[in-house]
Every structure is written in structure tokens, then in C-alpha cells.
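This report concerns only the one structure given below.
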Amino acid sequence: MGLDQYAYSVKGEEQTEIAYWRKHNRLQGWMEELYRRKGGKEEFNCKNVELTLDDLDDLSEAVINRKLPETQGFFFGEDSYKSPELLKEREDRDYRFICDARQAIRDGNKVIYTCWW
């Protein structure tokens, strides 16, 4: 068991996975903060949060400046910033996601983040 995180491009009933992360706890913390800002009140597990272009700009800034919030949870693994090798891999994946998500929105799709732990 552990934290599994997904992002989807959604158009109508069609859903396409555009990113997957495993135990990226800082990204989870950032997404949970976004979920709360958008009115989410329940435990942030198996809940969806839609990202806008503005949200992706904010996420990009947080990734570039290494300002994703430290986030802990029983199933979340070690800190995303702890290992330099792991950090580089996660940042690369985050950047790819941001680019793919921006394109999906430009193409008229919604971008949804969800997690399961």
C-alpha cells in the first residue's frame, strides 16, 4: 500500500491518464491545499480536484522554486525532497505533467488530479 497519484485529461466521458506518481508526498500536499482552496472539506483521498491554467502556473512556480509543502502521511513515504536523485526524477515528471496538462486544457479538456492511499 501507499500513495498513488494520477492526473487525467477528461473530455466528456473520455478519460486519458497523463501522469502517475508514487509517494510524491509534497505534490500531494500541494494538491490537497488546492482542493481545500476550491472548497473541498472531506478527507483528500479518492477525491478529484480540477486544475486550471492558473493552478498550473502556481504549481510550476512551486516546483521551480522547490516550494512544494512538506507533507506527511502513514502511506506517503519519505520526503520528496530528501534524495537528490529522487528529487530530479520527480521534478522532471512534474514538469512533463505541467506541459501535458496545459496542452490538454488548450485542447478543450479538463485536467483532474486524484489520489488513493
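The values are calculated or read from the model by the stated rules, or taken from the named source; none is laboratory data. A quick note: this is a predicted structure, and the numbers were derived from the prediction, not measured. All Cβ positions, even for glycine, are placed from backbone atoms using ideal geometry, and neighbour counts span all protein chains on display. Note: accessible area is taken over every heavy atom of the protein model, side chains too, but ligands, DNA and RNA are not part of it. Shrake-Rupley method; radii C 1.70, N 1.55, O 1.52, S 1.80 Å.
Annotation for segment 64-102: GluC sites (Glu not before Pro) lying in DSSP loop with at most 11 further Cβ atoms inside 10 Å of their Cβ are Glu70, Glu78.
In this simple spin-label model, placing a label point 7 Å from the Cα along the Cα-to-Cβ direction at both Met1 and Tyr81 gives a separation of 2.9 nm.
The chymotrypsin sites (Phe, Trp or Tyr not before Pro) of segment 49-101 meeting both criteria, a DSSP state outside H, G, I, E and B (loop) and at most 10 other C-beta atoms within 10 angstrom of the site's C-beta, are Phe74. Remark: spin-label model distance Arg102-Gln72 equals 3.5 nm, labels positioned 7 Å along the Cα→Cβ axis.
Against the criterion of solvent-accessible heavy-atom surface with a 1.4 angstrom probe, Asp92, Asp4, Asp100 sort, most first, into Asp100, Asp92, Asp4.
On a 1.4 Å probe surface of the protein chains, which of Tyr6, Tyr20, Tyr113 comes out largest in accessible area, and what is the full order?
Heavy-atom accessible area, descending, gives Tyr20, Tyr6, Tyr113.
Taking all Cα pairs closer than 8 Å and separated by 6 or more residues, the relative contact order of the chain comes to 46 percent. Around the Cα centre of the chain, unit charges on the Cβ atoms of Lys, Arg, Asp and Glu (plus for the first two, minus for the last two) sum to a dipole of about 100 debye.
Per DSSP H run of n ≥ 4, the term is -39500 (n - 2.57); total these for the chain, divide by its residue number, and report the mean residue ellipticity at 222 nm rounded to 500 deg cm²/dmol. Please report the intermediate quantities before stating the final value.
Values: 3 runs with 48 residues, N = 117.
Calculated from helices alone, the mean residue ellipticity at 222 nm is -13500 deg cm²/dmol.
Note on exposure: Arg36, Arg106, Arg90 ranked by accessible area (1.4 Å probe, complete protein assembly) read Arg106, Arg36, Arg90, with the most exposed listed first. Ligands, DNA and RNA are left out, and with a 1.4 angstrom probe the accessible area of the chain is 57 Å² per residue.
Which whole-number percent of Cα pairs in the chain have a distance greater than 17 Å? Looking at the chain, the distances longer than 17 Å represent 52 percent of pairs. Spin-label model, Lys88/Arg37: points 7 Å from Cα along the beta carbon direction are separated by 3.0 nm.
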